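The values are calculated or read from the model by the stated rules, or taken from the named source; none is laboratory data. These figures come from a predicted structure and were not determined experimentally. As a convention, Cβ positions derive from the backbone with ideal geometry for all residues, glycine included, and neighbour counts pool all protein chains shown. Surface areas here come from the heavy atoms of the whole protein model, side chains and all, with no ligands, DNA or RNA. Shrake-Rupley method; radii C 1.70, N 1.55, O 1.52, S 1.80 Å.
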Amino acid sequence: MASARTTLPPLGYLPLGERPLRRVPQLLIGLALYGFSLALLVRASLGVNPWSVLYDGLTRHTPLSFGAVSALVGVLALLGWIPLRQRPTFGTFANIAVLALSSDLGLLVLPPCRGLAARGALLAAGIAVNALAIAVYVGARLGPGPRDGLMTGTAAVTGRSIRSVRTLIELTVLAAGWLLGGRAGVGTVLYALAVGPAAQLLLPRFAYRGAAESAGPAQAQAQAQAGRGRRRDVTGAGGR
């Protein structure tokens, strides 16, 4: 039996012009859910993910809201793309804006929670919604967010694995956030252990398949041959 690891669909970037009415709403819904899941984790007060520990710590030393801090950190991460020669996409900018708005809105509508049972329920809900959100917005295939792009760009430039680069970045972010007073805890550990497998399980349900990827083998071959023919025609016309 094939494992979930071997059945993941293609997840690379596809141009915005390919079925935008299908993919843009999916991206925005996924990002809104992601921001709301961060609010759930904050209100649980049992520990948040590493980047949110940093946001939480920074809110204690600035007049900025949680969402505004996340946007500011996103912009700073985006500046780190420049030496890595990464190019932002529509999905990158949407990530910054929608996460900031939806996380602040979530914190506005969710009151502080008391009682361990209720906080545990919020933590579980936050992790579940976060995993779903990742599957939805990554599945739209409209480009990485600023933090993910920083990770993939660093891995490409240094030749290190994604896993090692991500671990290093998130440990650094977690340590900085903790030193600033951000709330880390059992929720941080549970998030790290649960969200990846859960998102991977959900990704095949939400990943958009491009036109060429959805075509059968014969149709894909015909499209490839037609593309080569068009390239030859263009080359000939340009030579005259």
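Taking the C-alpha atoms only, the angle from helix 50-59 to the longest principal axis of the chain is near 50 degrees.
Under a Gaussian network description of the chain, with springs only between Cα atoms under 10 Å, the residue in R43, R147, R19 that fluctuates furthest is R19. Taking the chain as a Gaussian network of alpha-carbon nodes connected by springs under 10 Å, the highest mean-square fluctuation of the residues T158, T59, T92 belongs to T158. Over the chain, dividing the summed -39,500 (n - 2.57) contributions of all DSSP H runs of at least 4 residues by the number of residues returns a 222 nm mean residue ellipticity of -24500 deg cm²/dmol.
In what order, largest first, do E213, E18 sit by accessible area if the probe radius is 1.4 Å? Intermediate results must be reported in sequence, preceding the final value.
Working: E213 80, E18 50 Å².
Ranked list, largest accessible area first: E213, E18.
For the chain, the longest principal axis of the alpha carbon atoms and the long axis of helix 146-158 meet at an angle near 60°.
To test your reading of the geometry: what angle, between 0 and 90 degrees and rounded to tens, separates the Cα axis of helix 186-206 from the longest principal axis of the chain? That helix lies at roughly 30 degrees to the long axis. Taking every protein chain into account, the accessible area of the chain amounts to 55 square angstrom per residue (probe 1.4 Å).
What chymotrypsin sites (Phe, Trp or Tyr not before Pro) in the stretch 1-92 are in a loop by DSSP, with at most 16 other Cβ atoms within 10 Å of the Cβ? List each step's numbers first, then the result.
On the way: sites: Y13, Y34, F36, W51, Y55, F66, W81, F90; in loops: Y13.
Qualifying residues, ordered by number: Y13.
Net length available on complete extension from T62 to A176 is 39.5 nm, with 0.36 nm assigned per residue and the Cα-Cα distance removed. The calculated FRET efficiency for the pair T158 and A118, based on their C-beta separation and a Förster distance of 51 Å, comes to about 0.70.
The alpha carbon centroids of the stretch 87-141 and the stretch 153-184 are separated by 20 Å. In the stretch 9-144, what percent of the accessible surface is made up of carbon and sulfur (1.4 Å probe, ligands and nucleic acids excluded)? On the stretch 9-144, the fraction of accessible area on carbon and sulfur atoms equals 73 percent.
Given a Förster distance of 25 Å, report the FRET efficiency between L108 and A128 from their Cβ-Cβ distance, rounded to the nearest 0.05.
Values: r = 21 Å, r/R0 = 0.86.
So the FRET efficiency works out to roughly 0.70.
Given 0.36 nm per residue, what is the gain on full extension from L72 to L8 after removing their alpha carbon distance, in nm?
Extra length available between L72 and L8 comes to 19.8 nm.
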